[in-house]
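Scroll down for the structure; my scribbles are underneath it.
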Amino acid sequence: MKVLHLNSYDLRGGSETVFNVTRENSYVEENLSAFIPRNNGNNKSAVDFISWDKYGGIKGAVNYIYSGENYRKLKLFLSGRKIDIIHFHDIYSALSPSVFKALKETKIASGVKIIQTVHDYHLICPNACLFDYSSNRICEKCIGKKIKMDIVWNNCDRRGFAYSF
């Protein structure tokens, strides 16, 4: 069995710890990992991803929302490779949601099984924490909504309006 473990980074916080423990304890035929290295190259990623913050400014903001480069890199890596399971963790901002498109297209083409481990509230809250920092209280306004724009209108992000937007 061949497994690809996918995460934003190799070192940083909680999801990275679970990512590392999971990939280190997966006893399979081929155990691949893809992430943005944070430890000066001690860990090798199977895919040479870039982070949105590499660019800054408008280009960084665009890559935060959709990184065509990360999409292409993941698609190229997955094409022609027989992976049985893709296990992804925290990939929302650093890799951008573009990788979801690559995963979906790969699943349709090859039937690969995809597993997600959730470490925060990103799926239901664009702020990832169900908290409105501008009013200093728990916020559930985006739960159940397809388009979650309350973060912009309410300036929920702790870093201010530009990040909320």
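The values are calculated or read from the model by the stated rules, or taken from the named source; none is laboratory data. Since this is a predicted model, take the numbers as computed values, not measurements. Cβ atoms come from the backbone with ideal geometry, glycine included; neighbour counts cover every protein chain shown. Each accessible area value is taken on the protein alone, full model and side chains, heavy atoms only, with ligands, DNA and RNA left out. Shrake-Rupley method; radii C 1.70, N 1.55, O 1.52, S 1.80 Å.
Residues that are surrounded by 15 or more Cβ atoms within 10 Å (Cβ to Cβ), part of a loop (DSSP other than H, G, I, E, B) and touching a Lys or Arg at 6+ places or on another chain (Cβ under 8 Å) do occur in region 83-93. Among residues of region 14-34 that are more than 14 Å from D90 (Cα to Cα) and open to solvent by 50 Å² or more (accessible area, probe 1.4 Å), those with a beta-carbon under 7 Å from a residue that is at pLDDT 80 or above and assigned to a helix (DSSP H, G or I) at least six positions away or on a different chain give the pairs N31/R23.
If the condition is being free of Cβ contacts under 8 Å to residues at least 40 places away in the same chain and acidic (D, E), then region 62-101 contributes only E69.
Does K145 fit the bill of being within 18 Å of the chain's Cα centre (by Cα) and among the basic types (K, R)? Can you show your working first?
Values: within 18 Å of the chain's Cα centre (by Cα): no; among the basic types (K, R): yes.
No: the conditions fail for K145.
Residues of region 10-67 that are in contact with a Ser or Thr (Cβ under 7 Å, 6 or more places away or on another chain), assigned to a helix (DSSP H, G or I), closer than 28 Å to F161 by Cα and not β-branched (V, I, T): W52, N63, Y64. Within region 146-165, the set of residues being of a type outside the set (F, W, Y), open to solvent by 30 Å² or more (accessible area, probe 1.4 Å) and either touching a helix residue (DSSP H, G or I) at 6+ places or on another chain (Cβ under 7 Å) or closer than 10 Å to N127 by Cβ (or both) comprises K148, N154, N155, R158. When the residues of region 106-145 are filtered to those that are of a type outside the set (A, V, I, L, M) and assigned to a strand (DSSP E or B), the one that is surrounded by the fewest Cβ atoms within 10 Å (Cβ to Cβ) is R137.
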